[in-house]
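Below is one structure, written out as structure tokens; the observations come after it.
Just so it is clear, none of the values below were taken in a lab; they were calculated from the coordinates. Fair warning: this is a prediction, and the values are worked out from it, not measured in the lab. Glycine gets a Cβ as well: all are built from the backbone with ideal geometry, and neighbour counts include every protein chain shown.
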Amino acid sequence: MVDTANNTYNARSSNADFIFGILGYVTFGIFAALIYLFYLGIANDPIVPQDLDSTGYFSHKIQTTITAQDSWIVGESKDCMSYPLNAEAARNAGKEQGYAFSNVDCDNGPGHNMLVTFWGSKDQPGKYAALWNCTRTADAFVCKQTAAF
């Protein structure tokens, strides 16, 4: 009977050692991941709710070409489209394949190199087009993604 008690005690002890061993590895893994994230600079710039819109998109402020007629007034919105870069165009532009911010077509006006705040996916490989709802502000444009296909 004493041996049974000792065996039970030893089994419980080894289970506890096993659990604490696993917890130690998990803790070490989390600590190592945090150090790596700080090294990359990701943890220094945490994602906060104001960085996301209601659909979960991040904002990207990009200097790009957008077509705009002179009659486009401040506060007015238009449906626009961009074409994610294929592999060759991306390589020539020094961008990732699927980069969707290189040119935004909103109307038949001339292209203007402007600061545009995009709320949507920057890289959309495998997509033919990205659809945007763009609003003119006093000195820039804000475009929110509505779809991609």
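For this structure, a couple of remarks:
- Residue tally, condition more than 20 Å from F58 (Cβ to Cβ), crowded, with 16+ Cβ neighbours inside 10 Å and hydrophobic (A, V, I, L, M, F, W, C), over region 70-80: 1
- Unique match (being touching a residue at least 60 places away in the same chain (Cβ under 8 Å), on the phi < 0 side of the Ramachandran plot and among the hydroxyl-bearing types (S, T, Y)) among S77, S71, S82, S121: S121
- Number of residues in region 85-128 that are in a strand (DSSP E or B), buried (at least 16 other Cβ atoms within 10 Å of the Cβ) and more than 20 Å from the chain's Cα centre (by Cα) equals 2.
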